[in-house]
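Q: Sharing a structure below in C-alpha cells format, with a few things to ask.
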Amino acid sequence: MNRRSLILAVAGAALSGPALASPSAETPAQPASFNLTGVGLPIIVGGRVRNYVFAELKLHLGEGQALDAVRAKEPYLRDALVRAGHRTPFVLTDDWNQLDTAALSASLIRAADSLIGKGAIARVEVVSQAARRRTTVRPV
C-alpha cells in the first residue's frame, strides 16, 4: 500500500464517522444565547463610587430571535447597561462586592426591548462577577 492510498483510507474513515453524521432527532435544539463579557458596573453608595464589579452575562434570546440582530446591538446594550448602572446602581445593601442580579436582568431586558424589539431577550444569566477590590459595607 503506498502512502497516498493510506492517507485516503485514513481520511475516509475519519470523515465517515461521527463528524458527518446527521444530528439526531433525540437531541433537543438549544435556544440561542449570546455572551456579554467584561461589563464594568459601578457600586455607588451615598453619591460616591465605592467599587466596580465586572460581570459576565449570558443573554438567552427569545423565541425566533436572530443571534445576528443581538450581536449587532451589543455596543448599545452594553452602553444602556452602564448608563442604567450609573443612574440607579445595582447595589446590594449588605455587599459592595456583588451586583443585584434581579435589577440588572430587568434593566437589560427593558433596554433590549427598546433597542432590538419586544421579547428579544428572554432572560439574563449572570455567569460571573468579579469585584475590582474587596470592600466591606461601612455606614454612610
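The values are calculated or read from the model by the stated rules, or taken from the named source; none is laboratory data. What you are looking at is a predicted structure, and each value in this text was computed from that prediction instead of being measured. Glycine also receives a Cβ, built like all others from the backbone with ideal geometry; neighbour counts cover every protein chain displayed. All accessible areas refer to the heavy atoms of the entire protein, side chains included, with ligands and DNA or RNA removed. Shrake-Rupley method; radii C 1.70, N 1.55, O 1.52, S 1.80 Å.
Q: Can you figure out the FRET efficiency of residue 49 with residue 130, using R₀ = 22 Å and their beta-carbon distance, to the nearest 0.05?
A: 0.85
Q: Residue 93 to residue 114: FRET efficiency via 1/(1 + (r/R0)^6), r the Cβ-Cβ distance, R0 22 Å, to the nearest 0.05?
A: 0.15
Q: Now for a different question. Please list the non-local residues whose amide H lies under 5 Å from the amide H of residue 51, H modeled 1.01 Å from N, same-chain partners needing a gap of 5 or more.
A: Those lying under 5 Å, H to H, from residue 51 are 43.
Q: Let me ask you something else. With all protein chains present and a 1.4 Å probe, how do 128, 114, 105 order by accessible area, largest first?
A: 114, 128, 105
Q: Here's a follow-up. In the stretch 53-140, what GluC sites (Glu not before Pro) fall in a loop by DSSP, with at most 15 other Cβ atoms inside 10 Å?
A: Sparse-neighbourhood loop GluC sites (Glu not before Pro): 63.
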